[in-house]
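One structure is given here, and the rest of the page talks about it.
The values are calculated or read from the model by the stated rules, or taken from the named source; none is laboratory data. Note that this is a predicted model, so its numbers are computed, not measured. Virtual Cβ from ideal backbone geometry, glycine too; neighbours counted across all protein chains shown. These area figures cover heavy atoms from the full protein model, side chains too; ligands, DNA and RNA do not enter into them. Shrake-Rupley method; radii C 1.70, N 1.55, O 1.52, S 1.80 Å.
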Amino acid sequence: MDRENEIKEIIKGLSAEESLAVLAREFAGDIVFSTSFGWEDQVISHMIFSENLPIDVFTLDTGRLFTETYYVWNRTLETYQKPIHTFYPDAQLLQNFVTEKGPNSFYESVENRKTCCGIRKVEPLNRALKDKKIWITGIRAEQSPNRTDMEWVEWDEAHQLVKVHPIFSWTLEDVKAYVSSNHIPYNPLHDKGFPSIGCSPCTRAVAPGEDFRAGRWWWEDQSKKECGLHSK
């Protein structure tokens, strides 16, 4: 896409902080960042909030998040004194699904799990991204095998916008060092073996040596650990 190539040229050779600053200036009002309050997202939130960049930050409250996630969400608000726009699932869609299938039907089939993710995450995300041109994410290449094949700037056909992953090439150690040196609030579950944190019924800690996303939907095929948020 022309816009994808244009953005690659604009931020070519820039650091994550520099890239965000340039994109915020060039696409003010049309650029958003999605956070789920994990390590990576806290890094980018810090870059945005500490420099007062005009990038709207939003999150998806699925209704099944960990208590610790709400804790770091509130700590982030207290630390930076900046708004985080919140999108919730459509109440009628969720009510119908839970009435028909029950509260934990995602364990029963991949179809049920994807439907649940669709209602709690994908549909609210579509509303959050409507009419935007740039979507900033905290995706890193080493997070899962299918993310290794992604580009750090890519066209998202589903949402008709460009996705930019400013810390795509960072290692987990890079992320942790940045969090520590900048005194950034982070989810305490990370210290308990949770490298990736989603909804509480669908996330567990990982054992030493396990894949980064082994704790997400662990009862399914280990090679396809996505919920639909980052489908092209």
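Using beta carbons and a limit of 6 Å, which pairs, at least six apart or on different chains, have the first residue in segment 14-32 and over 15 Å from M47 (Cα atoms) and at pLDDT 95 or above and the second one exposed (fewer than 14 other Cβ atoms within 10 Å of the Cβ) and basic (K, R)?
If the second residue must be exposed (fewer than 14 other Cβ atoms within 10 Å of the Cβ) and basic (K, R), no pairs are left.
How many of the residues in segment 106-131 are touching a Ser or Thr at 6+ places or on another chain (Cβ under 7 Å), in contact (Cβ under 8 Å) with a residue 60 or more places away in the chain and surrounded by fewer than 18 Cβ atoms within 10 Å (Cβ to Cβ)?
0
Identify all residues within segment 190-214 that are assigned to a helix (DSSP H, G or I) and among the acidic types (D, E); write none if there are none.
Within segment 190-214, D191 is the sole residue that qualifies.
If the requirement is being modelled with pLDDT under 95 and among the polar types (S, T, N, Q), which of these qualifies: S180, S200, S223?
Matching residue, one of S180, S200, S223: S223.
So which residues in segment 33-91 are of a type in the set (S, T, Y) and in contact with a Lys or Arg (Cβ under 8 Å, 6 or more places away or on another chain), if there are any at all?
Listed by number, the list holds a single entry, T62.
When residues of segment 171-190 are filtered for being in contact (Cβ under 8 Å) with a residue 40 or more places away in the chain and open to solvent by less than 70 Å² (accessible area, probe 1.4 Å), how many remain?
The number of residues fulfilling the criteria is 11.
I need the full set of residues from segment 157-204 which are of a type in the set (A, V, I, L, M, F, W, C) and within 30 Å of E108 (Cβ to Cβ), in order please.
A158, L189, F194, I197, C199, C202
May I ask you to list pairs of residues, at least six apart or on different chains, whose Cβ atoms are under 6 Å apart, with the first in segment 191-212 being β-branched (V, I, T) and open to solvent by less than 30 Å² (accessible area, probe 1.4 Å) and the second being modelled with pLDDT of 90 or more and assigned to a helix (DSSP H, G or I)?
I197/L189
Considering only helices (runs of 4 or more DSSP H) fully contained in segment 1-105, which possess at least 2 residues that are open to solvent by 80 Å² or more (accessible area, probe 1.4 Å) and over 27 Å from S181 (Cα atoms)?
Filter on segment 1-105 gives 2-10, 91-101.
Only one of T79, T69, T99 is among the polar types (S, T, N, Q), out of contact with any strand residue (DSSP E or B) (no Cβ under 7 Å at 6 or more places or on another chain), at pLDDT 95 or above and more than 30 Å from G29 (Cα to Cα). Can you tell me which?
The unique qualifying residue is T99.
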